[in-house]
Structures are given as structure tokens and as C-alpha cells.
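Working notes, structure below.
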Amino acid sequence: LSILATCTETGGGAGPAEVAGFPVEKVDLSQPPRLGWASRLSWYFRAILNSLGWLPKRPAPQSRQIDHWYSPELLQRIVEQIRLADPDIILFEYLTQTQVLRALPDSLCRSTVMVLDSHDILWKRNQAFQQREEEHWLDIDRQQEEAALREFDLVIAIQPSERDYFVS
């Protein structure tokens, strides 16, 4: 059984080291690619330039919409890393990674269990921000979130109230 946890933030969180006793491999884009000398060399070169402050700051997400969170280049890189890992289970850390799930080949989606660690009911948070006339980091409504949640085989809720919402 192979489990892959997505981690697409530079210096991303630790993530689980194992799930139910099975080791978890992470797609961590803050590390150099394992395959291809040109990819590794490019990664190291950009890392050096970035450490010297010679690269512009990391761009903001394409938008605050769930379907346009990642740039096409980054999305392609994530999908390629997942395809190479060919995992049995993928643990997605954020709902914004639904864009990654939608970009995966159908054959991989059929043979892989897709799990979401939901963290929050994001449409409710967005609504609360809007009521205070503030901007939430993700512009999402109830229908969009529920449609995205249905794409996963399993959704993990970290709060009992959220579990009750997801079950209903």
C-alpha cells in the first residue's frame, strides 16, 4: 500500500509520517525533483537565486477561485510527481487541491483512493468574512464546496460539528 500526501507549499507542513501504520510519501515541491538532472539543476539554480533575493517574491495564487488556484506550470509539475509515484491513496491537505485532483489522469483517479483533510467548512468562513466586509483567502460558496467535496472518496473532518455537516 502506498500513500501520498500532497504538500505544495514551500517549506510545507510536516504532514503525517504514516497512516494506519503505512509510511506516507510526500509530494513536496520545496525539495528538488528526484528524476532528471536538468530538473534538479534548475531547482538548485532557482533556490540559490531566491536565497540571494534575486528572484521576485512567490506570486499570489492565480485567483481566489478553487479551479484556478495553481498556475498551469505548477499544476503540471504536481500531476507529474503524483503520476510518477503511482500511489494507492492520495491525502489532499486543502480543498484548493481539488484542482490537482481534477487534473489527474482518469486511470489514476479510478485506481487511487482520494482523501481530503478538510480543516474547515470554507464556504462558512468565506461567508463570515463577507459579513464583516473582509476578503477571505478563498472565494467559495456552498455549492462550489459541496461539489468539490463529492469528488473525494473520503473526507476527514477535524471537528465533530464539521463531521456532522459532511455526513448530512
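The values are calculated or read from the model by the stated rules, or taken from the named source; none is laboratory data. These numbers come from a predicted model, not from an experiment. Positions of Cβ are backbone-derived with ideal geometry, glycine not excepted, and every protein chain shown enters the neighbour counts. When the accessible area is computed, the model is the full protein with side chains, heavy atoms only, and any ligands, DNA or RNA have been set aside. Shrake-Rupley method; radii C 1.70, N 1.55, O 1.52, S 1.80 Å.
Some points to look at:
- Count of residues meeting criterion [of a type in the set (D, E, K, R), within 24 Å of residue 160 (Cβ to Cβ) and either in a helix (DSSP H, G or I) or open to solvent by less than 20 Å² (accessible area, probe 1.4 Å) (or both)] in region 85-139: 2
- Flag if residue 78 is among the β-branched types (Val, Ile, Thr) and farther than 27 Å from residue 164 by Cα: yes
- Subset of region 60-114 that is among the basic types (Lys, Arg) and either over 23 Å from residue 139 (Cα atoms) or out of contact with any helix residue (DSSP H, G or I) (no Cβ under 8 Å at 6 or more places or on another chain) (or both) - its residue that is modelled with the highest pLDDT: 110
- Criterion violated by residue 158 - all others in (1) open to solvent by 70 Å² or more (accessible area, probe 1.4 Å); (2) in contact with a Ser or Thr (Cβ under 9 Å, 6 or more places away or on another chain); (3) assigned to a helix (DSSP H, G or I) satisfied: (3)
- Which listed residue, of 57, 26, is part of a loop (DSSP other than H, G, I, E, B) and either open to solvent by 40 Å² or more (accessible area, probe 1.4 Å) or at pLDDT 85 or above (or both): 57
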